[in-house]
Amino acid sequence: MMNRRVFLGSVLSAVALSQTNAARAAEQTAAVQTSEPLVWPVVTKLQPGIRLFAGHTDTVPDIVGRIGTPPGLVIFTEGNHLMVLLSDDIVGAFPSWAKSQPQYADLDLDNIVVVTVPQPIVVQMIRTGGIALGNLTLDVSRKSSFYPDIVMGGPDPLRQLHKLGVIEPQARFFAKNRGLALLVRKGNPLGIHGLTDVVRTGARIALPDALEEAGSRARSRAAVDDLIGKSAADAFFAAEVPHFPGRIGIVHRDFPEMVARGYADVALTQYHLISYWTRIFPNHFELVPVSGAERFFVKIAFGRVIDPLRPRALKAFEEFFFGRARDVYPRYDLARMNDDEFGATLGLD
């Protein structure tokens, strides 16, 4: 009788487990089918009467400004610090600051164009001289004026641009992040509180694209190896969801889309990015800190283009930017840089 009870208990447990897994799979499928896509906020100030195409399918989030009007300044940068750069504290405050400075008061800064795409695409745009947005191709050249005066990014992309003869041989560091964190759905339904919970719960994880974000992926892998060990890291990376329909490798949009629509249960990326997503989509997401991850920070630097099209605007922005970036960036959950770090020279030769 006892053996019969054990047998029946095992069978019932297996059936219950199978039913639980099936229910979870059904919930995940339903989430993919019914979740509304994220609608990213418009960060630019529009002129009255201009027709706005906004929403999930009609927004172009990664080029800010007006194309066709001569720009007063053009900045190409990675998108990971867009929430700071495009804020009222930096780009929003720069024109009024310049007007208050006698040496820059005559600058026309009504149209500041900022490109915020992954760093490999920044390099590719400049190297190939263009970028296509659906049926529209933008000419990236000095002739078109859609050409950077400043490039912001990590050491490797800046070195590539220096080798191409685009930027000067020295750049200056201005920000560093707080390492990695985890993005989960609001309420943290799987109870993920650390890296090992991703494997324990059977969660599907979104990770940097191997092609578009190779450097970011390698840094993430090194950090996870160190934090939980190689064997656990192997299992962690084996849980990756590599793609979803429409993914283009722009991590600062793709990851929240993957989690919000049920393609993934969790994403691993920079702390301040997740902090930003939880602020603009408070009903969708939560941030889960990763203990010890602050040791694996990344720095970004300010590079000046050789023979810029708008040299005085570049000079004005550099003066303005380095006068406030050290205090502003920590307000957006990046790390505070010390005296030796902020403004330090990065050699690109």
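When only residues in segment 328-349 that are within 16 Å of residue 162 (Cβ to Cβ) and in a loop (DSSP other than H, G, I, E, B) count, which is least open to solvent (accessible area, probe 1.4 Å)?
Going residue by residue through segment 328-349, those that are within 16 Å of residue 162 (Cβ to Cβ) are 345-349.
In the following step, the residues that additionally are in a loop (DSSP other than H, G, I, E, B) were identified as 348-349.
On the way: 348: 4, 349: 152 Å².
Checked segment 328-349; the qualifying residue least open to solvent (accessible area, probe 1.4 Å) is 348.
From the list 151, 84, 91, which one is outside any loop (DSSP other than H, G, I, E, B) and either aromatic (Phe, Trp, Tyr) or within 20 Å of residue 308 (Cβ to Cβ) (or both)? Even if it seems obvious, please write down each step before you answer.
Details: 84 fails: either aromatic (Phe, Trp, Tyr) or within 20 Å of residue 308 (Cβ to Cβ) (or both); 91 fails: outside any loop (DSSP other than H, G, I, E, B).
Of 151, 84, 91, the one residue that is outside any loop (DSSP other than H, G, I, E, B) and either aromatic (Phe, Trp, Tyr) or within 20 Å of residue 308 (Cβ to Cβ) (or both) is 151.
Which of the following residues is basic (Lys, Arg) and in a loop (DSSP other than H, G, I, E, B): 159, 178, 219, 172?
Exactly one of 159, 178, 219, 172 is basic (Lys, Arg) and in a loop (DSSP other than H, G, I, E, B), namely 178.
Could you tell me how many of the residues in segment 136-190 are of a type in the set (Ser, Thr, Tyr) and free of Cβ contacts under 8 Å to residues at least 12 places away in the same chain?
Keep residues of segment 136-190 that are of a type in the set (Ser, Thr, Tyr), which gives 137, 141, 144-145, 147.
Still in the list and also free of Cβ contacts under 8 Å to residues at least 12 places away in the same chain: 137, 144.
Going through segment 136-190 one residue at a time, the tally reaches 2.
Go through (1) out of contact with any helix residue (DSSP H, G or I) (no Cβ under 8 Å at 6 or more places or on another chain); (2) open to solvent by less than 10 Å² (accessible area, probe 1.4 Å) and name the single condition residue 193 misses.
Only one criterion in (1) out of contact with any helix residue (DSSP H, G or I) (no Cβ under 8 Å at 6 or more places or on another chain); (2) open to solvent by less than 10 Å² (accessible area, probe 1.4 Å) is unmet by residue 193, namely (2).
Quick check on segment 95-148: of everything there that is in a helix (DSSP H, G or I), of a type in the set (A, V, I, L, M) and out of contact with any helix residue (DSSP H, G or I) (no Cβ under 7 Å at 6 or more places or on another chain), which residue is farthest from residue 251 (Cα to Cα)?
First pass over segment 95-148, keeping only residues in a helix (DSSP H, G or I): 95-99, 119-128.
Okay, now just the ones that are also of a type in the set (A, V, I, L, M), so 98, 121-123, 125-126.
Pick out the ones that are also out of contact with any helix residue (DSSP H, G or I) (no Cβ under 7 Å at 6 or more places or on another chain) and you get 121, 125.
Values: 121: 12, 125: 18 Å.
It comes out as 125.
Is there a residue in segment 317-327 that is in a helix (DSSP H, G or I), among the basic types (Lys, Arg) and closer than 25 Å to residue 165 by Cα?
Let us first name the residues in segment 317-327 that are in a helix (DSSP H, G or I), namely 317-327.
From the residues that got through so far, the ones that are among the basic types (Lys, Arg) too are 324, 326.
Imposing the further condition that a residue be closer than 25 Å to residue 165 by Cα reduces the set to none.
No: zero hits.
Give just the number: which of (1) touching a residue at least 24 places away in the same chain (Cβ under 8 Å); (2) out of contact with any helix residue (DSSP H, G or I) (no Cβ under 6 Å at 6 or more places or on another chain); (3) among the acidic types (Asp, Glu) does residue 88 not satisfy?
So the condition that residue 88 fails would be (1).
Kindly indicate the residue of segment 204-222 that is within 19 Å of residue 271 (Cβ to Cβ) and among the small types (Gly, Ala, Ser) and also surrounded by the most Cβ atoms within 10 Å (Cβ to Cβ) among those meeting that condition.
Start the filter on segment 204-222 by keeping residues that are within 19 Å of residue 271 (Cβ to Cβ), which leaves 205-208, 213, 215-222.
Then keep just the ones that are among the small types (Gly, Ala, Ser); that gives 206, 215-216, 218, 220, 222.
Details: 206: 26, 215: 16, 216: 23, 218: 12, 220: 23, 222: 12.
So the residue we want is 206.
Looking at residue 304 and the list (1) within 30 Å of residue 164 (Cβ to Cβ); (2) at pLDDT below 95, which single condition is not satisfied?
(2)
Where in segment 223-316 are there helices (runs of 4 or more DSSP H), lying fully within it, with 1 or more residues that are under 20 Å from residue 180 (Cβ atoms) and open to solvent by 60 Å² or more (accessible area, probe 1.4 Å)?
Fully inside segment 223-316 and qualifying: 230-238, 271-280.
List, please: which pairs have Cβ atoms under 8 Å, are six or more places apart or on different chains, and start with a residue in segment 333-347 that is at positive phi and end with one that is assigned to a loop (DSSP other than H, G, I, E, B)?
Correct list of pairs: 333/178.
Restricting attention to segment 167-180, which residues are surrounded by 24 or more Cβ atoms within 10 Å (Cβ to Cβ) and either farther than 29 Å from residue 305 by Cβ or β-branched (Val, Ile, Thr) (or both)?
The answer is 167, 180.
Please state which one of 77, 69 is within 20 Å of residue 132 (Cα to Cα) and loosely packed, with under 14 Cβ neighbours inside 10 Å. Break it down into steps so the answer makes sense when it comes.
Values: 77 fails: loosely packed, with under 14 Cβ neighbours inside 10 Å.
Step by step, each of 77, 69 is checked, and only 69 is within 20 Å of residue 132 (Cα to Cα) and loosely packed, with under 14 Cβ neighbours inside 10 Å.
The values are calculated or read from the model by the stated rules, or taken from the named source; none is laboratory data. From a predicted model like this one, the values you see are computed outputs, not experimental measurements. Glycine gets a Cβ as well: all are built from the backbone with ideal geometry, and neighbour counts include every protein chain shown. Just so you know, the surface numbers come from the protein's heavy atoms only, side chains and all, with ligands and any DNA or RNA stripped out. Shrake-Rupley method; radii C 1.70, N 1.55, O 1.52, S 1.80 Å.
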